[in-house]
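The values are calculated or read from the model by the stated rules, or taken from the named source; none is laboratory data. These figures come from a predicted structure and were not determined experimentally. Counting neighbours? That spans all protein chains shown, and the Cβs are built from the backbone with ideal geometry, glycine included. For the accessible areas, the whole protein counts, side chains as well, though only heavy atoms, and no ligand, DNA or RNA atoms are used. Shrake-Rupley method; radii C 1.70, N 1.55, O 1.52, S 1.80 Å.
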Amino acid sequence: DQQVKQNSPSLSVQEGRISILNCDYTNSMFDYFLWYKKYPAEGPTFLISISSIKDKNEDGRFTVFLNKSAKHLSLHIVPSQPGDSAVYFCAAGRGTYKYIFGTGTRLKVLA
Amino acid sequence: DVKVTQSSRYLVKRTGEKVFLECVQDMDHENMFWYRQDPGLGLRLIYFSYDVKMKEKGDIPEGYSVSREKKERFSLILESASTNQTSMYLCASSSRQGSYEQYFGPGTRLTVT
């Protein structure tokens, strides 16, 4: 049973517009959430995180929103750039050890 | 600059061979992880280690073992490689203090024929 789900395998967005990537989780014990970006033939790179005590965290063009009651988080990229084209993974966990990753969403930003 | 390195980018092995994948981190991190990435399945945790000589099973440990003799090095061992172990293998490390981000290596694409 998948505890972390990314229901959209792919997403296409025009350059300059907003990209919204979604992630749902089932385990209410998760208290920390991470987003990673992955280019082909490279390891994932950390993008942004959020703790369950917050509902929003911003870092430049990237904002993550957390809705604990809905067990849902989303990553907003504004404005989207062609270099943002990659696979995005969300991950959820508790504390410092084991994190569960979603299946990823492939974002394509069209120039 | 933080760094996680993996011994090989590409590896081709035959069914039944014993395979060693090595991972080294230079960040003095306590935690180290091995994942495999397969299309449509995301990253799945094979094993992790939270200290030297300590290990815990992840979600898919069958057919794998690990070794952590030194803090900076975490090895994944395929005792008898099978074709269903063809995959991208990713190593990661994280600190037990502060933030929980995991830092990943570039991955090893293993093909078992």
Worksheet item: Of the residues in the stretch B:76-110, how many are more than 14 Å from every other protein chain (Cβ to nearest Cβ), open to solvent by 10 Å² or more (accessible area, probe 1.4 Å) and assigned to a strand (DSSP E or B)?
Response: 1
Item to complete: Scan the stretch A:75-107 for residues that are more than 14 Å from chain B (Cβ to nearest Cβ) and open to solvent by 10 Å² or more (accessible area, probe 1.4 Å) and jot them down.
Response: A:His76, A:Val78, A:Pro79, A:Gln81, A:Pro82, A:Gly83, A:Ser85
Fill in: So B:Arg36, is it open to solvent by 30 Å² or more (accessible area, probe 1.4 Å) and touching a residue at least 40 places away in the same chain (Cβ under 8 Å)
no
Worksheet entry | Residue count for the stretch B:53-75, restricted to those that are assigned to a strand (DSSP E or B) and either touching a residue at least 60 places away in the same chain (Cβ under 8 Å) or basic (Lys, Arg) (or both) | 4
Worksheet item: Going by the conditions given, is B:Lys53 in contact with a His (Cβ under 9 Å, 6 or more places away or on another chain), among the basic types (Lys, Arg) and open to solvent by 10 Å² or more (accessible area, probe 1.4 Å)?
Response: no
Fill in: Extreme residue, nearest to the chain's Cα centre (by Cα), among residues of the stretch B:6-16 that are modelled with pLDDT of 95 or more and open to solvent by less than 70 Å² (accessible area, probe 1.4 Å)
B:Gln6
Worksheet item: Among the strands (runs of 3 or more DSSP E) contained in the stretch A:16-69, which hold 1 or more residues that are more than 14 Å from every other protein chain (Cβ to nearest Cβ) and open to solvent by 50 Å² or more (accessible area, probe 1.4 Å)?
Response: A:19-25, A:56-59, A:62-67
Practice prompt. Return yes or no: is B:Glu30 in contact (Cβ under 8 Å) with a residue 12 or more places away in the chain and open to solvent by 50 Å² or more (accessible area, probe 1.4 Å)?
Written response: no
